[in-house]
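A short write-up of the structure that comes next.
The values are calculated or read from the model by the stated rules, or taken from the named source; none is laboratory data. This is a predicted model, so every value here is computed, not measured. All Cβ positions, glycine included, derive from the backbone under ideal geometry; neighbour counts span all protein chains shown.
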Amino acid sequence: MNWELIFGQIKWTSFVFAGMIENPSLSEAIASGAGSIAVLGALATVILLTVKGWWVPLWRDWLTSVDHKKVGIMYIAIALVMFARAVIEAALMRAQQLSATDGGGFLSADHFGQLFSTHGTIMIFFVAMPFITGLMNYVMPLQIGARDVSFPLLNAISLMLTMAGAIVIMVSLVVGQFSTGGWSAYPPFTGIEFSPGEGVDYWIWAVSLGSIGSTLTGLNFAVTIYKKRCPGMTLFRMPLFTWTTLCTSILMIFAMAPLTAATVMLALDRYAGFHFFTNGDGGNMMNYANLFWLFGHPEVYILILPAFGVWSEVVATFSSKRIYGYTSLVYATMCIAVLSFAVWLHHFFTMGQSANVNAIFGIATMIIGVPTGVKVYDWLLTMVGGRIRFSTAMLYHINFLLTFILGGMTGVLLANPGVDFQVHNTLFLVAHFHNMIIPGVLFGMFAAVQFWFPKVFGFRLHEGLGRASFWCFAPGFLLAFFPLYWLGMMGATRRTYMWSNPDYLPWLALAMLGAVLILAGFALMVTQIVVSVRQRAQLAAPLGDPWDGRALEWSIPSPPPAWNFAVLPQVTSQDPFYEAKKAGTAYRSPASYEDIEVPRNTATAPLIGLFACAWAFGLVWHIWWLVIVSFVLIWAVVIARSFATDTEETVPAATVKAANEAFLAAARAAPGVTRDQEMTSANRGRAIPEALEGRSGTIASGAPVEALS
Amino acid sequence: MPGSQGGSVTLRGIVGLLAAAVPKIALPKIALPAIALLAIALPGAGFAGSFLEPAGPIAAGQLSHFGVISMLMLIVIVPMFVALPIVLYRYRRGGKGTYRPDWEFNWGLELLIWGVPVALVVALGTALWRQTIVGDPYRALGPDPLVVEVVALDWKFLFLYPEQGVATLDLLALPEGRPITLKLTSGTVMQSFIIPRLAGQIYAMAGMQTQLNLLADETGDFTGRNTQYNGLGFATQSFTTRVMSADDFEGWVATAKTQQAGLDAAAYARLLPPAVVNEPVIYARFTPGLFDQIIASFAPGMAGGHAGHGPQAGADTPAAITAPATSHQQHDHTPEAAQ
């Protein structure tokens, strides 16, 4: 019997638990523990689904759904699960660095290498990307008054490819090792000569699946925004979140391709003896660096632009005021999107190109700071003349303005080749990009969750716990990363599992304290969600508009019906819903209803995801029969689907009418709440617009907030 | 206690930064030495060889540029930190600010928020351009530089002195005050070479040559290291840079020449397997042209396929190392050629 034919290169020693049995140590115990959590977590999920009888609903209502709202929710669920893993990895690395002056520590060098590689890879590709994609999925079609994205099935396929990538990376916890090449996986270190084994292959295929999914998402969203806007929704009436979604989609289309090319070429080097990036025989790793950062720099803006969109929505809503400089913000966003393709070289000033080339890319990098600075001050000016409510989302925004601008300062420093020569590859750089991504992107997404959660699920999140979580996250971030700037200036290199310099210790201790606070913030966030679900009756806001919102998504029930809009809205201005509320034309019954076509559920996407996952696993372990079978099956599903003609079902006008009239009647009957009652159980989602309250200056009392429970 | 030590380190660093930045902006030249002295005189354990305590003009230029850019950036940072609290207080719900829910634009403010950053970027860009040209790692810092060839290996650095005919492992001996030209390549994966107190990073890549020019204007031992992750021994891949007076350097070379060991292709091949070097090694001689041969060993084989050069290459390597190198082949594969 030829076992290799069946199992490829998997051996019993490939399983993480073998390391613990053969070579027991704390480092191995942690690896086995992580593997156990992955296995037990999967088992617990299976048992829960079975006991509760949720398999059928899961399949029928979620996995096979092509509804952009459900796809969006599933994306964010992936992001939160993966965030839990990667943030724990971060805390482990912090603890290791703190305990490892002059040797010591509890992790082996190899384990540490895998940790920083999985942490970076997961945080970028399987936390930040699914988070922004999920949010854009959910919110953008609602903001443009559409019933779905242009290609709902393609949307579901993107999701399932991303999920397949995430599963592949989770499997690497249990079977085999992960790469130690970092999230950027620079060859030749990641070539077969220096990194034999399955680690880099896990990275390649997980990232490839995610990047193909993101390319498809970009195409889908861009077409949706071009083609599916409701009548009257001209480009310059679109909400700013939709604008940033458009810019991000364009970036995804153009920027993911170089990444896919780079990963495929690296795979060809590793599997087929090619020499794209090898040391010898004509290979040149500089080409990889260029390709990777042609993706990698726009990627930074792919992540931050949707967050900018969130900030624009949050600051306008919680200041009860129009956004300042709408046109300016649109142009600034577009400038950023275009310029983001012109700065990739600043990731390797140190590669030996001429001073002129470095200077040009350095200046181009600084120029990006101009539109970014404009946006920051636009947000500040939006608050001027407003009535600011310090909700959790707003607290995140205020924190963002202050910390992001500091990150911008260190970014401009790094744009100087002369400075970069000193702090490249040090913790200064690590501090800088975390300074942009955590208060900018991650907290942006957290703010978005606080903001849109009541839209998605029909009840608000517990405000007190939200604020408690913020007050752990925000100082946690400062403590965890500002010491790293200083450490980097002292010369502490990144990706280093032990130190010989005792001067680093106090700073590492501060950073560890910060990491603990961040973990506490995450625990409070999970608690907040659990508590809110339990108190959902008190927190319910089914009438759809808990925050006195401005764009179309607040004009429909929470959660929205499958068809989003009973009748496609007509738009005549920016902030259409807010203007309608002010004019007293909101919640009016439409003249007539029509039948609505909605796409049927289909097993196409989950099957493609399943086979893509098997395909990637087969490739990682050289299980060639599995590779061939799953590849054939992927395309068999695609071909079979192409014969399906009955892909839509009709919701009769009567059904739509009944549901919508009930909602409108309830909304009209509801007394409506002022912003004073925003955080009380009186807030059922019918807002009295702040501008109609007719008061200027002082307001009687502060808004009461639910007590911590 | 770590805490107190850390505090003084911070203070020294901040003073150092000010020392570097301030004179360019406001203070007369004479203030520089005074503030620099203050920085050095502060108690503390120093910066373990960081660029905050430069020991040569390149690192000093980088530090002062760091300070200049930081100061300039305060122009956009400070207004936010001043204005945001005021705005939040004044326009909080219940605050005294007038509620103007439809106010959305003002040309004056618009010109200000676009104009100030543009003007700032012009200033920053000018500073960047000048510093980048002056601090170009390829620009020699004077006539008759001492050339040292650097080969990055897995978890150690090999230094070849063509003029002196000696070689070292994990010890870079340099004379004070003489321009130095380091020529770098890698015998393995890409690495990033730095001696923070003297000059910033440059990558060392197999089959290619990069350059780093520097000058030390004080004597002493400065740590240098690789900053690009390259496997298990990465954390400990550092070396000592020993800057000595010109006379001492001559003496050091003379002593080095009395060592037993020499470095030929076979000895080089024995250095290729990844390993951490605990004690520096000094070679009295090395095969001339070894550096170029190492670069050439990665050139595409015209016949006979794969040239051995990696850690696994074992016994094949010496043959590959001594393969004839044509100069144009090398230059095709150096970043320099692109200039």
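How many residues does region B:79-105 contain that are charged (D, E, K, R) and out of contact with any helix residue (DSSP H, G or I) (no Cβ under 7 Å at 6 or more places or on another chain)?
So the count comes out to 4.
Could you check how many residues of region A:72-119 are part of a loop (DSSP other than H, G, I, E, B) and in contact with a Phe, Trp or Tyr (Cβ under 7 Å, 6 or more places away or on another chain)?
3
From the list A:589, A:558, which residue is part of a loop (DSSP other than H, G, I, E, B) and surrounded by fewer than 23 Cβ atoms within 10 Å (Cβ to Cβ)?
Within the list A:589, A:558, the selection yields A:589.
Would you be able to say whether some residue in region A:533-545 is buried (at least 24 other Cβ atoms within 10 Å of the Cβ) and either in contact with an Asp or Glu (Cβ under 7 Å, 6 or more places away or on another chain) or part of a helix (DSSP H, G or I) (or both)?
Yes, region A:533-545 contains a residue that is buried (at least 24 other Cβ atoms within 10 Å of the Cβ) and either in contact with an Asp or Glu (Cβ under 7 Å, 6 or more places away or on another chain) or part of a helix (DSSP H, G or I) (or both).
Check region A:276-297 and report whether any residue there is of a type in the set (D, E, K, R) and on the phi < 0 side of the Ramachandran plot.
Taking every residue of region A:276-297 in turn, none turns out to be of a type in the set (D, E, K, R) and on the phi < 0 side of the Ramachandran plot.
Of (1) crowded, with 17+ Cβ neighbours inside 10 Å; (2) more than 7 Å from chain A (Cβ to nearest Cβ), residue B:104 satisfies all except one. Which?
(2)
For the structure I just gave you, tell me whether residue A:477 is crowded, with 24+ Cβ neighbours inside 10 Å and within 22 Å of the chain's Cα centre (by Cα).
Considered against the rule, which asks whether it is crowded, with 24+ Cβ neighbours inside 10 Å and within 22 Å of the chain's Cα centre (by Cα), residue A:477 comes out as no.
Going through region A:434-452 one residue at a time, which ones are free of Cβ contacts under 8 Å to residues at least 60 places away in the same chain and surrounded by fewer than 22 Cβ atoms within 10 Å (Cβ to Cβ)?
A:434
Being part of a strand (DSSP E or B), among the small types (Gly, Ala, Ser) and surrounded by fewer than 24 Cβ atoms within 10 Å (Cβ to Cβ) is the filter here, so list the residues in region B:165-220 that pass it.
Once the filter is applied, which keeps residues that are part of a strand (DSSP E or B), among the small types (Gly, Ala, Ser) and surrounded by fewer than 24 Cβ atoms within 10 Å (Cβ to Cβ), region B:165-220 yields B:173, B:220.
Every residue in region A:270-304 that is buried (at least 24 other Cβ atoms within 10 Å of the Cβ) and polar (S, T, N, Q), please.
Matches in region A:270-304: A:278, A:279.
Within the set of pairs 6+ apart or on separate chains, which have a first residue in region A:57-84 that is among the acidic types (Asp, Glu), a second that is assigned to a loop (DSSP other than H, G, I, E, B), and C-beta atoms under 9 Å apart?
Note: pairs meeting the criteria are A:61/A:601; A:67/A:148; A:67/A:562; A:67/A:601.
Quick one: in region A:495-504, which of the residues that are surrounded by 19 or more Cβ atoms within 10 Å (Cβ to Cβ) and in a helix (DSSP H, G or I) is nearest to the other protein chains (Cβ to nearest Cβ)?
In this case the residue turns out to be A:503.
Go through (1) closer than 28 Å to residue A:604 by Cα; (2) buried (at least 24 other Cβ atoms within 10 Å of the Cβ) for residue A:148 and report which single condition fails.
The number of the failed condition is (2).
Across region A:622-661, what is the total count of residues that are crowded, with 20+ Cβ neighbours inside 10 Å and of a type outside the set (A, V, I, L, M)?
Residues meeting the conditions: 2.
Might you check whether a residue that is in a loop (DSSP other than H, G, I, E, B), in contact with a strand residue (DSSP E or B) (Cβ under 6 Å, 6 or more places away or on another chain) and closer than 21 Å to residue B:91 by Cα occurs anywhere in region A:308-327?
Checked region A:308-327: at least one residue is in a loop (DSSP other than H, G, I, E, B), in contact with a strand residue (DSSP E or B) (Cβ under 6 Å, 6 or more places away or on another chain) and closer than 21 Å to residue B:91 by Cα.
For every residue, the table says whether it meets (1) at the interface with chain A (Cβ under 7 Å from one of its Cβ atoms); (2) assigned to a helix (DSSP H, G or I); (3) small (Gly, Ala, Ser).
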{"position": "B:100", "(1), (2), (3)": "yes, no, no"}
{"position": "B:108", "(1), (2), (3)": "no, yes, yes"}
{"position": "B:112", "(1), (2), (3)": "no, yes, no"}
{"position": "B:115", "(1), (2), (3)": "no, yes, yes"}
{"position": "B:119", "(1), (2), (3)": "no, yes, yes"}
{"position": "B:126", "(1), (2), (3)": "no, yes, no"}
{"position": "B:131", "(1), (2), (3)": "yes, yes, no"}
{"position": "B:141", "(1), (2), (3)": "no, no, no"}
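Among the candidates A:157, A:144, A:169, A:132, which residue alone is away from chain B (no Cβ under 14 Å) and over 24 Å from residue A:63 (Cα atoms)?
A:144
Of the residues A:248, A:234, A:244, A:215, which single one is under 16 Å from the mean Cα position of the chain (by Cα) and surrounded by fewer than 24 Cβ atoms within 10 Å (Cβ to Cβ)?
A:215
State which residue pairs qualify: first residue on the phi > 0 side of the Ramachandran plot and in the same structural domain as residue B:251 (by TED's automatic domain parsing) and inside region B:172-201, second residue in a loop (DSSP other than H, G, I, E, B) and of a type in the set (Asp, Glu) in any location, beta carbons under 7 Å apart, and separation of 6 or more residues or different chains.
Partner pairs satisfying both residue conditions: B:177/B:217.
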